[in-house]
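Report on one structure; see the data block that follows.
The values are calculated or read from the model by the stated rules, or taken from the named source; none is laboratory data. Quantities reported herein were computed from a predicted structural model and do not represent experimental measurements. Reconstructed Cβ throughout: ideal geometry from the backbone, glycine too, with neighbour counts over all protein chains shown.
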Amino acid sequence: DWKMDSFVESSIQSIREKVGSGKVLCALSGGVDSSVAAVMLAKAVGKQLTCVFVDHGLLRKDEGDEVEAVFGPNGPYDLNFIRVNAQERFYEKLKGAEEPEQKRKIIGEEFIRVFEDEAKKIGTVDYFVQGTIYPDVIESGLGKSAVIKSHHNVGGLPEHVDFKEIIEPLRLLFKDEVRKAGLELGIPEYLVYRQPFPGPGLGVRIIGEITPDKVRIVQEADAIYREEIAKAGVDKGLGQYFAALTNMRSVGCMGDERTYDYAVALRAVLTSDFMTAESAELPWEVLGTVTRRIVNEVKGVNRVLYDCTGKPPATIEFE
Ligand code: XMP
């Protein structure tokens, strides 16, 4: 695409001129927007860029390692990459928190704290990079009538980090254009075509209190679900699909034994804008295979449910 080609080229050029010999800081989530913004900056200013990636312990299975493989020292880009393994810090803060908004608030605030702690170690920073895209710009100007969920975006502004200016290289792009720019920059397709993942991560897919063991259950169930969907080739056209952990335990049987374990909920939605969505009709055989694998392979689960609800009245995420 020659247009995207020249957009990427000229953006890199103008970022390079603007930054000069300055230091640049980026909060990297591994999501499409922050990844594309980070790579653009890396191509423009190389080692003057530091990317901080916070693993809050609520990422999908192996996600931290996948992000590190792309942006870390063994990856294709020449930048400073810091991975913060802050799992314990988040789990500690989240102990006892059951209410959705309270959980979102704790995760969002702790995220900023962890990020600021890392930024302090780096010292003076001149520019802060944000992966803001055009729809974010419009949305923030609209003013919502009621807060259904307080959104947390990785890359939100830290309060205690001093910098001269914010750089938002994707500010004029729509999502499909961001993906094109990503491909143009040589970012792997699995990252570029990733489904959306909320800032609070699995925290909003575990109903009620979060524990490390519940995180393990959702991670394993979700990995099986995604693997089988990909294998069956039914992911095309799905807006989002994931496993969530209900806070419900029920009685089951395993051989001659009684079990009293959790129910996992599977969700898959069709949507164009994520404001409304329909539950997707996944093939029954695929759901059967996923169910059998989850109850056999994931310890602590004896029941799998499929969410048939649209948005509204439900939301896409569970909290
Ligand atoms: P809901 O659950 O409100 O989700 O129907 C709509 C879309 O937004 C994503 N989502 C978030 N994204 N930070 C984000 O960056 C958040 O706090 C957040 N909460 C929900 C959700 O995955 C879906 O794509």
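Things worth noting here:
- Residue match in region 164-176 (condition: in the same structural domain as Ser34 (by TED's automatic domain parsing), in contact with a Pro (Cβ under 9 Å, 6 or more places away or on another chain) and on the phi < 0 side of the Ramachandran plot): yes
- The condition (being touching a helix residue (DSSP H, G or I) at 6+ places or on another chain (Cβ under 8 Å) and free of Cβ contacts under 8 Å to residues at least 24 places away in the same chain) is satisfied by just one residue among Asp235, Asp256: Asp235.
- Looking at region 31-105, the helices (runs of 4 or more DSSP H) lying wholly inside it that each contain 3 or more residues that are at pLDDT 95 or above and under 30 Å from Tyr134 (Cβ atoms) sit at 32-45, 63-71.
- Which numbered condition Leu157 misses (of (1) under 22 Å from Glu68 (Cβ atoms); (2) touching a residue at least 12 places away in the same chain (Cβ under 8 Å)): (1)
- Scanning region 118-140 for residues that are hydrophobic (A, V, I, L, M, F, W, C) and loosely packed, with under 11 Cβ neighbours inside 10 Å gives a single hit, Ile138.
- Residue list for region 169-196, filter: within 16 Å of the ligand (Cβ to nearest atom) and part of a loop (DSSP other than H, G, I, E, B): Leu170, Phe174, Tyr193, Arg194, Gln195, Pro196
- Residues (assigned to a loop (DSSP other than H, G, I, E, B) and surrounded by 18 or more Cβ atoms within 10 Å (Cβ to Cβ)) located in region 283-302: Val298
- Scan of region 276-316 for residues that are touching a residue at least 12 places away in the same chain (Cβ under 8 Å), among the aliphatic types (A, V, I, L, M) and within 12 Å of the ligand (Cβ to nearest atom), ordered by number: Ala277, Ile316
- Hey, Glu319 within 18 Å of Leu202 (Cα to Cα) and within 16 Å of the ligand (Cβ to nearest atom) or not: yes
- Selection status of Val264, at pLDDT 95 or above, under 17 Å from the mean Cα position of the chain (by Cα) and buried (at least 16 other Cβ atoms within 10 Å of the Cβ): no
- The criterion of being touching a helix residue (DSSP H, G or I) at 6+ places or on another chain (Cβ under 9 Å), closer than 19 Å to Ala38 by Cβ and either acidic (Asp, Glu) or surrounded by fewer than 14 Cβ atoms within 10 Å (Cβ to Cβ) (or both) does not hold for Glu209.
- Restricting attention to region 236-261 and to residues that are surrounded by fewer than 17 Cβ atoms within 10 Å (Cβ to Cβ) and within 16 Å of the ligand (Cβ to nearest atom), the residue that is farthest from Arg205 (Cα to Cα) turns out to be Gly237.
- Subset tally (residues that are buried (at least 19 other Cβ atoms within 10 Å of the Cβ) and more than 12 Å from Ile229 (Cα to Cα)) for region 268-279: 2
- Taking every residue in region 180-204 that is within 18 Å of Ser6 (Cβ to Cβ) and modelled with pLDDT of 95 or more and pairing it with any residue that is part of a helix (DSSP H, G or I) and among the polar types (S, T, N, Q), at least 6 positions away or on another chain, the pairs with Cβ-Cβ distances below 8 Å are Gly182/Ser35.
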